[in-house]
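Take a look at the structure below.
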Amino acid sequence: MIIQENIPMSEHTSFKVGGPARYFIKAESVSDIKEAIAFANEHALPNYILGKGTNLLVSDSGYNGVIIQLGKFFSEITNLGNGKICAKGATPLARLARYTINEGLAGIHKLAGIPGSLGGAIYMNAGAYGQDVSQTCIEVESIDAAGNLHTRAAADCVFSYRHSIFQELATSENAETILSATFQLTPATELGKTAKDLESEMQECMTKRRNSQPLSMPNAGSTFKRLDVGAAETPTQIAPGYYIEQAGLKGYRIGGAEVSRVHANFIVNADHATAADIKSLSEHVQKIVAEKFGINLHREVILLGKF
């Protein structure tokens with residue numbers, strides 16, 4: 001386990017912004033994670049487990065704590081048979097989705113275009129094009145701040161739209177890191193399909209993503225969560241981008257941060273933006289949409305450090 005100091009977080013986030021982490025540790029085993037947590041506790045510092053940094057905005061002043069990045073050991077995928085797949089927390093979601101296609105298994109193949117790691121996907125219950133990880137996840141293994149291991153059935157993960165129990169735990173002293181997740185997938189043949197059919201469906205989703213999202217500029221994916229409206233029994237979700245666009249905010253800038261001209265629910269680093277630019281722009285969007293439509297947008301992007 002190598003401990004580095006003052007590592008710029010702009011090098012480890014998809015926004016390409018963020019000041020230095022006081023300490024930066026890459027963990028290659030569960031024992032490394034335990035040691036890193038113990039190191040943080042000994043120095044009375046907070047710790048944050050980093051995946052691909054694709055849904056994260058780190059303060060310009062950095063993070064006065066310990067960043068623990070999961071290494072290659074945590075990116076393994078295992079076919080357990082009978083449609084069950086186990087993947088470790090740092091596995092890129094795109095690689096996991098493609099792996100399941102090659103194995104002829106359906107259920108998460110449409111998620112190939114989502115950036116980030118499996119751990120982040122479980123944490124946020126990531127989804128796209130009618131699929132999300134909670135639909136097929138059956139078990140999650142995690143480790144808490146004291147180094148204790150936990151195994152939860154999906155029902156105990158309290159999954160809902162872009163939510164899991166791990167978000168609630170993150171705000172407490174019982175924060176947990178996702179080590180792995182197991183999925184029960186469906187053989188394509190049981191759906192009357194082939195692996196080639198799954199590949200075609202995945203490619204169709206990828207094409208839609210390329211045509212509708214600002215993939216050429218640094219961003220952290222959707223900035224705001226979808227909105228639930230209607231009766232609790234039959235909720236309807238409305239895309240925040242619709243209201244942001246109707247508010248005339250497409251292309252609006254603060255500093256180097258811009259509301260994407262391609263998709264209004266994306267804030268992009270258009271020209272050497274700072275984290276403060278991005279946060280200020282997100283707050284401006286929230287303010288204008290609330291004034292015009294009486295709707296409160298909630299950020300999907302996680303803020304880390306002092307703003």
Determine, yes or no, whether Phe74 is more than 19 Å from Gln184 (Cβ to Cβ) and of a type in the set (A, V, I, L, M, F, W, C). yes
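Per-residue answers, yes or no, for (1) at pLDDT 95 or above; (2) open to solvent by 60 Å² or more (accessible area, probe 1.4 Å); (3) over 27 Å from Ile114 (Cβ atoms):
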| residue | (1), (2), (3) |
| --- | --- |
| Glu5 | yes, yes, yes |
| Val17 | yes, no, no |
| Pro20 | yes, no, yes |
| Ile25 | yes, no, no |
| Glu28 | no, yes, no |
| Lys34 | no, yes, yes |
| Leu45 | no, no, yes |
| Leu57 | yes, no, no |
What number of residues within the stretch 267-302 are in a loop (DSSP other than H, G, I, E, B), in contact with a helix residue (DSSP H, G or I) (Cβ under 8 Å, 6 or more places away or on another chain) and without any contact (Cβ under 8 Å) to a residue 60 or more places away in the chain? 1
Identify all residues within the stretch 175-209 that are open to solvent by 40 Å² or more (accessible area, probe 1.4 Å), in contact (Cβ under 8 Å) with a residue 12 or more places away in the chain, assigned to a helix (DSSP H, G or I) and of a type in the set (Lys, Arg); write none if there are none. Lys208
Residue that is farthest from the chain's Cα centre (by Cα), among those in the stretch 140-156 that are among the acidic types (Asp, Glu) and open to solvent by 60 Å² or more (accessible area, probe 1.4 Å): Asp156
Scanning the stretch 22-37 for residues that are farther than 16 Å from Ala146 by Cβ and among the hydroxyl-bearing types (Ser, Thr, Tyr) gives Tyr23, Ser29
Could you list, in sequence order, the residues of the stretch 71-84 that are at pLDDT 95 or above and either among the basic types (Lys, Arg) or crowded, with 23+ Cβ neighbours inside 10 Å (or both)? Lys84
Among (1) open to solvent by 60 Å² or more (accessible area, probe 1.4 Å); (2) out of contact with any Leu (no Cβ under 6 Å at 6 or more places or on another chain), Thr223 falls short only on (1)
Residue ID - least open to solvent (accessible area, probe 1.4 Å), chosen from residues in the stretch 105-128 that are part of a loop (DSSP other than H, G, I, E, B) and of a type in the set (Val, Ile, Thr): Ile108
Take Ala112 and tell me if it is of a type in the set (Gly, Ala, Ser) and modelled with pLDDT of 90 or more. no
Between a residue in the stretch 16-34 that is in contact (Cβ under 8 Å) with a residue 12 or more places away in the chain and any residue that is surrounded by fewer than 18 Cβ atoms within 10 Å (Cβ to Cβ) and among the aromatic types (Phe, Trp, Tyr), which pairs come within a Cβ distance under 6 Å, given they are 6 or more apart or on different chains? Glu28/Phe73; Ser29/Phe73
Output yes when any residue across the stretch 151-174 is part of a strand (DSSP E or B), more than 30 Å from Val58 (Cα to Cα) and either of a type in the set (A, V, I, L, M) or modelled with pLDDT under 95 (or both), and no when none is. yes
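The values are calculated or read from the model by the stated rules, or taken from the named source; none is laboratory data. Quick caveat: nothing in here was measured; it's all calculated off a predicted structure. Quick reminder, even Gly has a Cβ in these numbers, built from the backbone with ideal geometry, and neighbours come from all protein chains shown. SASA here: full protein model, heavy atoms, side chains in, ligands and nucleic acids out. Shrake-Rupley method; radii C 1.70, N 1.55, O 1.52, S 1.80 Å.
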